[in-house]
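K.L.:
Sharing a structure here in structure tokens format.
Laboratory data are not the source of any read-out in this text; all were calculated from the coordinates shown. Predicted model, so just to flag it, every value in this text is computed and none were measured. Here the Cβ is made from the backbone with ideal geometry for all residues, glycine too, and neighbour counts use every protein chain on show.
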Amino acid sequence: MDRTINLSRSLLLAAVAVLCTSLHSHAASAPTTRQVFAPVLIYHHVKPLKPSDDAFERGLTVLPGQFAAQLRYLRTGGYHVVTVRQLVQYLHSGAVLPPRPVALTFDDGYADVFQGAYEPLRRAHLSATFFIVPSFLGTPRYLTWRQVKTMSDHGMDIEAHTMTHPDLTRIGPRSVQWQLAESRRELQTNLHRSVRLLAYPYGAYDPAVVAAASRAGYLAAFTTQEGWIESSAHPLREPRVYVDLDDSLPIFAGRVRGDPQVLAQDPT
Ligand SMILES: [Zn+2]
């Protein structure tokens, strides 16, 4: 009898030990360890150059023909163009992600991206992420609400870039919270879609801004630091990869491939 009890107790202890080990390893491998190696490309304008465009404007511009060649390269080079939302959903909850993912992002909502980016993307049955500043919409040089709604209705991912595009590290905490929460609310109300992603204006952030982004309900936020998304460890400080006017197609390919020598080059 005693031996039976001892045996049962031994089996029970062994079972508890296995359970504890499994719970422990599960807790240790919880959400922070999911990995992906993907470039999130950053664009602003896609348009022909004008003689009056200064160095700053040129630094934010990619030509329509150049953009078309880049899309062709991604489609024929074995890459899968995904939205940033898809990448974040994978990192956050393990949603399905195709192999060799690349995401395209467009900051500020300039008017030229409707014809220069949205239309070619739509023709190619591809989607991208547009970080929009609601108070800019409908003003000269920027998209209108109607255009943004059209883009959203045709599969483009519309996300937030604050209300008025300030440097969030240089305004007070209440203003930061308003910029983050109000832009999210405005976009969600007008587009009837959830908005969970943010791009920091000028790529500027500090620990207080990151905490505010979390409080405002953002799942991920993007900087302008050069680099690839690698894991879910720092979702509110994700780097991106600049695409530059002077990029030849081989340089662009190097950026997408994560070639360290190409990524180390100053994109401006
Ligand atoms: Zn911006």
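K.L.:
Inspect the range 194-208 for any residue being farther than 25 Å from Tyr73 by Cβ, of a type in the set (D, E, K, R) and over 15 Å from the mean Cα position of the chain (by Cα) and give the result as yes or no.
P.N.:
Scanning the range 194-208, I find at least one residue that is farther than 25 Å from Tyr73 by Cβ, of a type in the set (D, E, K, R) and over 15 Å from the mean Cα position of the chain (by Cα), so the answer is yes.
K.L.:
Right, something else. Can you tell me how many residues within the range 44-64 are part of a helix (DSSP H, G or I) and aliphatic (A, V, I, L, M)?
P.N.:
Number of matching residues: 1.
K.L.:
Picking from Tyr118, Tyr43, which residue would you name as being in contact with a helix residue (DSSP H, G or I) (Cβ under 9 Å, 6 or more places away or on another chain), of a type in the set (Ser, Thr, Tyr) and touching a residue at least 40 places away in the same chain (Cβ under 8 Å)?
P.N.:
Exactly one residue qualifies, and that residue is Tyr43.
K.L.:
Surrounded by fewer than 19 Cβ atoms within 10 Å (Cβ to Cβ) and part of a helix (DSSP H, G or I), is that true of Gln225?
P.N.:
no
K.L.:
Test of understanding: among Phe37, Phe106, Phe67, which residue is closer than 20 Å to Pro201 by Cβ and either assigned to a helix (DSSP H, G or I) or under 19 Å from the mean Cα position of the chain (by Cα) (or both)? Talk me through it step by step, then tell me what you get.
P.N.:
Working: Phe37 fails: closer than 20 Å to Pro201 by Cβ; Phe67 fails: closer than 20 Å to Pro201 by Cβ.
Testing whether each residue is closer than 20 Å to Pro201 by Cβ and either assigned to a helix (DSSP H, G or I) or under 19 Å from the mean Cα position of the chain (by Cα) (or both) leaves just Phe106.
K.L.:
With the requirement that a residue be farther than 16 Å from Arg185 by Cα and either within 12 Å of the ligand (Cβ to nearest atom) or over 17 Å from the mean Cα position of the chain (by Cα) (or both), what does the range 152-165 give you?
P.N.:
The answer is Asp153, His154.
K.L.:
In the range 179-217, what residues are within 16 Å of the ligand (Cβ to nearest atom) and in contact (Cβ under 8 Å) with a residue 40 or more places away in the chain?
P.N.:
Ser183, Leu187, Leu197, Leu198, Ala199, Pro201, Val209
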